[in-house]
Amino acid sequence: MPYKEAFVLFLEQVKESLEKGEFAKLTMAKTIGKLELKNIFLRPVAYKDDVKVLLKFSYRPREIEDLEEKLNLEEAFDVLREHLRNPFLSVLLFTTTKDVTFKINKKGAGTITENSPTFHNVTEAENDAK
């Protein structure tokens, strides 16, 4: 399946896990080349009426400070889409019920696989992040 279509299905699983309170963390990993940007992370943030996530850009050289921003889910998805295949080839969703891995192969096909959960509890990011 083309990776963009598979990614839509993957994002549906992310939304569902947030709605059910099972979302623990999301990580974009496996870059093309060794870039300064090492990972992008999403963590849930406690809010009363709106679903928010903490988006964190993690950089390889320690001299570059990690960037954090609170976004709604659609804003966060836009950031993930921007970095898909440029430079990230895999996205890992960690929930309390399963781990879901989205990967793009060299031909541009996307695959989704499921494994046993790594996390058994949801730990929300601090609500005072920038």
Worksheet item: Which FRET efficiency value, to the nearest 0.05, do you get for GLU16 and GLU63 by plugging their Cβ-Cβ distance into 1/(1 + (r/R0)^6) with R0 = 41 Å?
Response: 0.60
Discussion item. Could you work out the pair-distance distribution P(r) of the chain from its alpha-carbon pairs, with 5 angstrom bin width and percents rounded to whole numbers?
Written reply: 2, 11, 21, 23, 21, 14, 6, 1, 0
Item to complete: Could you tell me the distance between the Cα centroids of the stretch 79-120 and the stretch 1-61, to the nearest Å?
Response: 9
Discussion item. Please list, ordered by chain and number, the residues whose modelled amide H lies under 5 Å from the amide H of ALA24; skip anything fewer than 5 residues away on the same chain.
Written reply: PHE94, THR95, THR96
Worksheet item: If the limit is 24 Å between Cα atoms, which of LYS56/LYS107; LYS15/LYS107; LYS70/LYS107; LYS38/LYS103 go over it?
Response: LYS56/LYS107; LYS15/LYS107; LYS70/LYS107
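Any read-out appearing in this document is the output of simple, stated calculations on the displayed coordinates, not a laboratory observation. None of these values were measured; they are calculated from a predicted model. All Cβ positions, glycine included, derive from the backbone under ideal geometry; neighbour counts span all protein chains shown.
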